[in-house]
Amino acid sequence: MIEVGADDALLERWCVCFAALHEADTGDRTDPGQLCRAVRAGSEPPGPVRWLTREDGAAGPAPAIDVGVGVALLRPNDASGFLRLYVEPSHRRRGHGAALLAAARQRARSVAS
């Protein structure tokens, strides 16, 4: 589980993964490059928190692959906010969604206190 900031080198990978999984889930197409530019332009805190889950390659020195994303906007003392979690269908039931949800819950607890 990796937390990805607006200035993080992994932001482009997060945007590509988010756009693909969001489109697969909703049918709505999102341009990853445009999403990345929008995230960087609106990176003023307290902004959304983004996570990327990865799975190691199955054999040998294969690189890790991105299999899930999460984004949450959590505001202290405010009932508004949102949470979106997506996991690649072929990688579901392996704990990636649970890890994303656990990270969101932990962050919500820290924001609330």
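The values are calculated or read from the model by the stated rules, or taken from the named source; none is laboratory data. Since the model is a prediction, treat every value here as computed from it, not as a measurement. When we count neighbours, we look across all protein chains shown, and the Cβ atoms used for this are built from the backbone with ideal geometry, even at glycine.
Couple of notes before you dig in:
- Selection of the range 1-14 for residues being under 23 Å from Ala102 (Cβ atoms) and among the hydrophobic types (A, V, I, L, M, F, W, C) yields Met1, Ile2, Val4, Ala6, Leu10, Leu11, Trp14.
- Qualifying residue in the range 72-85 (condition: of a type in the set (Lys, Arg), at pLDDT below 85, farther than 18 Å from Glu12 by Cα and surrounded by fewer than 16 Cβ atoms within 10 Å (Cβ to Cβ)): yes
- Scanning the range 89-110 for residues that are small (Gly, Ala, Ser), under 12 Å from Val67 (Cβ atoms) and surrounded by 12 or more Cβ atoms within 10 Å (Cβ to Cβ) yields Gly95, Gly97, Ala99.
- Selected residue (criterion: farthest from Ala6 (Cα to Cα)) from residues of the range 21-56 that are surrounded by fewer than 11 Cβ atoms within 10 Å (Cβ to Cβ) and at pLDDT below 85: Asp56
- Long-range neighbours under 7 Å by Cβ, at least six apart or interchain, first residue within 20 Å of Ser90 (Cβ to Cβ) within the range 38-62, second in a loop (DSSP other than H, G, I, E, B) and at pLDDT 85 or above: Leu52/Leu10
- Counted residues, the range 15-36 - those being of a type in the set (Val, Ile, Thr) and within 14 Å of the chain's Cα centre (by Cα): 1
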